[in-house]
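Accompanying notes for the structure given below.
The values are calculated or read from the model by the stated rules, or taken from the named source; none is laboratory data. The structure displayed is predicted, hence computed values, not measured ones. No Cβ is skipped: glycine too gets one built from the backbone with ideal geometry, and neighbour counts run over all protein chains shown.
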Amino acid sequence: MPAPAKPAPRPYLPAPQRREHLLAAAGRLVGQGGWTALSMQGLAAAAGVSRQLVYEHFATADDLHLATLTHLFERTQASTAAIARAGASLGDTVRASFALFLDLPAEERHALRTLAAEREPGRRGLARAHARLRNQVTSVWAPYVHQQTGVSEAEASALAWMINTAAWGLSDTIADGTLDRRRGIDLFVRFVEGTLASFGNRGKSR
């Protein structure tokens, strides 16, 4: 009886490339199954590696969640910050930033969308990742909202987060075909312009 075939050896990758491979697999895992699907064991299976190797790169599940968020969002953050600083009109700024979000790979967009809505206080890693996402989003857009409206910094942060979560919700209606892309972007521009104009007028009347 022939001996069972041995599994093919895993190709050697330098540590930085192995970490990128793991983070890419983690992003896919979250995009397909949500953040609750991301665990050490789940990542090991998804990436085709041992759980020990996952622990060599991420000491805890908390570290894994935060690293995955960074992998998914920080590449986009630089681009959105550049749009916010470009000095274009409000309509053009909103249009460009929303188009950038819609152009993300579907799995990345879904992963960020579900994390924005994450409400599991017992899962410390998810709670910290949610807080970091919120802080990163508002660090880009709160100064812009404040400049447009003159409201307080706290109100600008709240408005920035509210507008971004509305964008993520609207992206669902574009993804499922309820609205086509052009109409969805136009609707979002009108929503943001109307919202900020309302708060700007209120700020000026104080």
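Quick check on Glu120: is it modelled with pLDDT under 85, among the charged types (D, E, K, R), touching a Lys or Arg at 6+ places or on another chain (Cβ under 6 Å) and surrounded by fewer than 17 Cβ atoms within 10 Å (Cβ to Cβ)?
On the way: modelled with pLDDT under 85: yes; among the charged types (D, E, K, R): yes; touching a Lys or Arg at 6+ places or on another chain (Cβ under 6 Å): no; surrounded by fewer than 17 Cβ atoms within 10 Å (Cβ to Cβ): yes.
No: the conditions fail for Glu120.
Of all residues in region 34-85, those that are surrounded by 17 or more Cβ atoms within 10 Å (Cβ to Cβ), β-branched (Val, Ile, Thr) and outside any helix (DSSP H, G or I) total 1.
Quick one: is Leu115 touching a Phe, Trp or Tyr at 6+ places or on another chain (Cβ under 7 Å) and in contact (Cβ under 8 Å) with a residue 60 or more places away in the chain? Let's see the steps before the verdict.
Values: touching a Phe, Trp or Tyr at 6+ places or on another chain (Cβ under 7 Å): yes; in contact (Cβ under 8 Å) with a residue 60 or more places away in the chain: yes.
Taking the combined requirement at face value, the residue satisfies it.
To keep it simple, each residue is scored yes or no on (1) under 19 Å from Ala175 (Cα atoms); (2) among the aliphatic types (A, V, I, L, M).
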| site | (1), (2) |
| --- | --- |
| Arg28 | yes, no |
| Ser50 | no, no |
| Ala59 | no, yes |
| Asp62 | no, no |
| Ser89 | no, no |
| Ala99 | yes, yes |
| Leu115 | yes, yes |
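Here Arg109 does not qualify as touching an Asp or Glu at 6+ places or on another chain (Cβ under 8 Å) and within 24 Å of Arg182 (Cα to Cα). Can you confirm whether Arg132 is touching a residue at least 40 places away in the same chain (Cβ under 8 Å), closer than 26 Å to Ala154 by Cβ and under 13 Å from the mean Cα position of the chain (by Cα)? Yes. Can you tell me which condition Leu104 does not meet? The list is (1) within 10 Å of the chain's Cα centre (by Cα); (2) part of a helix (DSSP H, G or I), and all the others hold. Only one criterion in (1) within 10 Å of the chain's Cα centre (by Cα); (2) part of a helix (DSSP H, G or I) is unmet by Leu104, namely (2). Taken as a whole, the structure leaves Thr138 outside the set of residues that are at pLDDT below 95, β-branched (Val, Ile, Thr) and loosely packed, with under 15 Cβ neighbours inside 10 Å.
Exactly one condition in (1) buried (at least 17 other Cβ atoms within 10 Å of the Cβ); (2) over 16 Å from Ala81 (Cβ atoms) is false for Ala156; which is it? In the conditions (1) buried (at least 17 other Cβ atoms within 10 Å of the Cβ); (2) over 16 Å from Ala81 (Cβ atoms), Ala156 misses (2) alone.
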